[in-house]
Amino acid sequence: MSNSSAMRREWSVRSDISKIEPLVAEVVNLCLSAGMSSRACRLNISVALTEALSNAIICGNHSDAAKIVMASMSLDATSLTLEVTDEGQGFDASEITCSPDDADWLEREDGRGLFLMRSLMDKVEIQKPSQQHGGLTVRMVLHRS
């Protein structure tokens, strides 16, 4: 894929967890069609994007179906960039300290999303889109090998 054939897609979905799987499947299929490795598509991208969307819907928007989650992907010859933005209050990512070294790691039902995203993607950034609007954007980058 040359830089001139870069691909960009955007989605807007209601805060409903049933929207996660179809969106992830579409992104995975687009990445597979663009020649990314099956492992990267089916593991790294699938898990990281599922976690980001789950966090946005459940934690960011508190599963409020009146709120939306915006997702986008940009894919070029060198990397894939995924962004997920919610309409919630946001949080300080430095306060999320959950790690596999924690005694309750295996019993926890939550708290692993950022760890997984950071483990599966080459770069993860978290930022507030603007001061006037609530929400948080998670930007994940995976370099093509």
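The values are calculated or read from the model by the stated rules, or taken from the named source; none is laboratory data. Since we're looking at a predicted model, the values are computed, not measured. Reconstructed Cβ throughout: ideal geometry from the backbone, glycine too, with neighbour counts over all protein chains shown. To get the accessible areas, we keep the full protein, side chains included, count just its heavy atoms, and leave off ligands, DNA and RNA. Shrake-Rupley method; radii C 1.70, N 1.55, O 1.52, S 1.80 Å.
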Quiz item: Mind checking whether some residue in segment 14-29 is assigned to a helix (DSSP H, G or I), open to solvent by 50 Å² or more (accessible area, probe 1.4 Å), closer than 18 Å to Asp86 by Cα and acidic (Asp, Glu)?
Solution: yes
Quiz item: If you take the residues of segment 1-17 that are at pLDDT below 90 and of a type in the set (A, V, I, L, M), which of them is farthest from Ala56 (Cα to Cα)?
Solution: Met1
Self-check item: Residue tally, condition open to solvent by 70 Å² or more (accessible area, probe 1.4 Å) and at pLDDT 90 or above, over segment 79-132
Solution: 5
Quiz prompt | In segment 35-49, residue least open to solvent (accessible area, probe 1.4 Å) [restricted to those that are in contact (Cβ under 8 Å) with a residue 12 or more places away in the chain and farther than 18 Å from Arg139 by Cα] | solution = Met36
Exercise. Return yes when Leu32 is free of Cβ contacts under 8 Å to residues at least 12 places away in the same chain and either in contact with an Asp or Glu (Cβ under 6 Å, 6 or more places away or on another chain) or closer than 18 Å to Ser79 by Cα (or both) and no when it is not.
Key: yes
Quiz item: If only one of Ser72, Ser54 is on the phi < 0 side of the Ramachandran plot, open to solvent by less than 50 Å² (accessible area, probe 1.4 Å), in contact (Cβ under 8 Å) with a residue 40 or more places away in the chain and not in a helix (DSSP H, G or I), which one is it?
Solution: Ser72
Quiz item: Is segment 67-78 home to any residue that is modelled with pLDDT of 95 or more and out of contact with any Ser or Thr (no Cβ under 9 Å at 6 or more places or on another chain)?
Solution: yes
